[in-house]
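Q: To start, I am sharing the structure in question, which I have written as structure tokens.
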Amino acid sequence: MNHYISCLLLFIVLLFGCEDQGDPELQPGPIVSSRVGVINDRINDIPIVVYGDEERGIFKAFIRKDNSGKESTFSLSDEGFPNSLLDSDGNVYSVLGQGVSQGVTNSILGNVDHLVGYWFFFPSFYENVQLSNGEVIQNTPDSPDNSEWLINTGSIAYGSFRDGIRSIDNPTFLDNLGKNLVDHPLFGSLGDDELVTVVQHNGLSRIYPHRILEYHEIVNDVIDDFYFTVSFCPLTGTSKVWNREINGDLTEFGVSGLLFNNNLILYDRSTESNWSQILDLAVNGELAGEKVSYIEVAEMKLKDAIFLNGRLELLEPDTETSLEYNVSSYEEYKTSETVLFPLANRDNTMPAKERVIGVTVDGITKVYRFSDFERN
């Protein structure tokens with residue numbers, strides 16, 4: 001059915017653990033803007049704004065302060081996508097946090113750690129999970145049980161062998177989107193709901209379709225002198241972008257074949273250290289304990305990404321393989337309750353495969369359901 005399901009019959013799944021959850025306690029809920037689609041909230045007294053548009057598949061979070069440190073309250077802009085955020089002074093920002101009004105064109109909203117993915121992995125990666133309705137889920141820490149690893153090996157599974165899923169190391173891109181997009185044998189056949197990951201640098205937006213990332217999981221890329229890695233884990237539905245310069249040295253990342261709480265473990269090809277995608281952390285090997293610099297990233301639907309500001313380039317299928325990109329290998333997985341591999345903690349507050357956005361500040365992760373952004 002897909003890479004991991006077929007490999008499940010061939011590899012050993014390690015110890016599975018599940019912890020019971022304590023009784024939830026109520027916490028103050030967020031203040032929802034009168035113009036639905038924007039939530040102004042605070043986590044550990046840090047003011048944040050969360051933007052959600054389920055129709056376009058975009059969910060982003062920022063610190064709601066301008067370059068001078070002035071705090072604002074945000075609502076939806078009348079300008080519409082992609083310039084969708086309006087601060088309390090009437091300034092407009094794009095969904096990627098870039099100021100577009102006169103006077104704030106050099107302003108970028110502050111980044112806050114946030115991640116979009118399936119609900120089921122949040123209780124296993126984060127000790128303190130708060131929901132937007134005030135409920136708190138306290139989880140048992142998944143402590144290391146092996147001196148060579150910084151994570152619990154009981155929550156590690158073998159999904160494949162190293163590089164059994166082939167990364168794209170020499171990506172090519174389609175530009176002049178429009179007719180080229182319609183005429184392309186793959187992109188012309190994709191549906192309106194196809195999700196992509198977008199990386200912006202120096203006025204260029206590079207678009208990485210999940211349909212391609214499902215088959216490769218990692219793209220090692222460069223724009224000008226900016227070297228980075230795009231990773232996508234189909235099992236947790238999470239996208240990350242990392243700077244490929246670590247301690248002054250450039251590296252490439254590959255698929256290790258290991259999974260931690262169902263999430264992708266990458267390895268760097270310089271030291272062969274293993275890295276947790278969600279934790280942004282080397283969890284084993286020479287670089288164990290090193291944190292990687294992650295880059296601001298956005299997910300949205302392909303039909304909307306092609307209307308972003310500036311230059312656009314779209315990742316093409318890897319010409320060095322004969323993969324059938326027209327068929328998604330994860331369609332059944334996305335709609336089932338099946339979780340294939342070990343989890344440290346399992347919580348049934350939401351359906352396992354419900355996609356949510358989680359925002360993390362100082363060890364507290366607050367999760368927002370897409371329904372929190374429903375329009376009146």
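The values are calculated or read from the model by the stated rules, or taken from the named source; none is laboratory data. Keep in mind that what you see is a predicted model, and the values were worked out from it rather than measured. Neighbour counts run over all protein chains shown; Cβ positions are idealised from the backbone, glycine included. In case anyone asks, the SASA skips ligands and DNA or RNA and just uses the protein heavy atoms, side chains included. Shrake-Rupley method; radii C 1.70, N 1.55, O 1.52, S 1.80 Å.
Q: Suppose only helical runs count, i.e. DSSP H with n ≥ 4. What mean residue ellipticity at 222 nm does that imply for the chain under -39500 (n - 2.57) per run, divided by all residues and rounded to the nearest 500 deg cm²/dmol?
A: It lands at -1500 deg cm²/dmol.
Q: So, one more: Could you give the dipole magnitude of the stretch 253-307 about its Cα centre, charging the beta-carbon of Lys and Arg +1 and that of Asp and Glu -1, in debye to the nearest 20?
A: Once rounded to the nearest 20, the dipole reads 200 debye.
Q: Taking all protein chains as present, what is the carbon and sulfur share of the accessible area of the stretch 196-281, in % to the nearest whole number, probe 1.4 Å?
A: The nonpolar share, carbon plus sulfur, comes to 39 percent.
Q: Oh, and also: What are the lysines whose alpha-carbon lies under 19 Å from the alpha-carbon of K291, with same-chain residues fewer than 8 places away excluded?
A: The reachable lysines, counting only those whose Cα sits under 19 Å from K291, are K240.
Q: Place a point 7 Å from Cα of S68 in the direction of its Cβ. Which residues in the stretch 77-96 have their backbone N less than 12 Å from it?
A: 89
Q: How large is ³J(HN,Hα), in whole Hz, for each residue of the stretch 288-299 in order, when computed from phi with the Karplus curve 6.51 cos²θ - 1.76 cosθ + 1.60 and θ = phi - 60°, using x for Gly and Pro?
A: With the stated coefficients, the stretch 288-299 comes to 3, x, 6, 9, 8, 7, 9, 10, 4, 9, 9, 10 Hz.
Q: Output the Cα-based Rg and Dmax of the stretch 183-342 in Å, rounding Rg to one decimal and Dmax to a whole number.
A: Answer for the stretch 183-342, Rg first and Dmax second: 15.9, 47 Å.
Q: Counting only the heavy atoms of the protein chains, how much of E135 is accessible to a 1.4 Å probe, in Å² to the nearest 10?
A: Result for E135: roughly 40 Å² accessible.
Q: Taking the Cβ-Cβ separation of T335 and Y294 as r and a Förster radius of 25 Å, what is the calculated FRET efficiency to the nearest 0.05?
A: 0.30
Q: Further, regarding this structure: Taking a probe of 1.4 angstrom, what is the accessible area of E54 in Å², to the nearest 10?
A: The accessible area of E54 comes to roughly 100 Å².
Q: Where in the stretch 344-376 does the amide nitrogen come within less than 18 Å of the point 7 Å from the Cα of D45, taken along Cα to Cβ?
A: Residues 361-365 qualify, since their backbone N sits under 18 Å from the label point.
Q: With the calculation restricted to Cα positions, what are the radius of gyration and Dmax of the chain in angstrom?
A: So, for the chain, Rg and Dmax equal 20.2, 59 Å respectively.
Q: What nm value, rounded to one decimal, do you get for the distance between F307 and D175 when each label is placed 7 Å out toward the C-beta?
A: 2.4
Q: Normalized C-alpha radius of gyration of the stretch 99-188, against 2.2 N^0.38 Å?
A: Computed over Cα atoms of the stretch 99-188, the ratio equals 1.79.
Q: How long is the gain from N247 to S189 if the chain were fully straight, where each residue apart is worth 0.36 nm and the alpha carbon distance is subtracted?
A: Gain on stretching N247 to S189: 16.6 nm.
Q: Per residue, how large is the accessible surface of the stretch 223-263? Use a 1.4 angstrom probe and give square angstrom.
A: Roughly 26 Å² per residue, with all protein chains present.
Q: Per the Debye formula with a single identical scatterer at each Cα and no solvent contribution, what log10 I(q)/I(0) holds for the stretch 281-359 at q = 0.14, 0.26, 0.27 Å⁻¹?
A: So the normalised log intensities are -1.01, -1.18, -1.21.
Q: Check cross-link reach from K65 to the lysines: straight Cα distance under 22 Å, and skip same-chain residues fewer than eight apart.
A: Filter leaves K366.
Q: Cut-off under 12 Å on the C-alpha distance; same-chain residues fewer than 8 positions from K60 excluded. Which aspartates and glutamates are left, in chain and number order?
A: D113, E296, E299
Q: What is the sum of charges, Lys and Arg at +1 and Asp and Glu at -1, for the other residues whose Cβ falls under 12 Å from the Cβ of V241?
A: With Lys, Arg at +1 and Asp, Glu at -1, the neighbours total -1.
Q: Heavy atoms only, 1.4 Å probe, whole protein assembly: order K179, K240 by accessible area, highest first.
A: Accessible-area ranking of K179, K240, largest first: K179, K240.
Q: Within the chain, what percent of beta bridges assigned by DSSP are antiparallel, to the nearest 5?
A: Once the DSSP bridges in the chain are tallied, antiparallel ones form about 90 percent.
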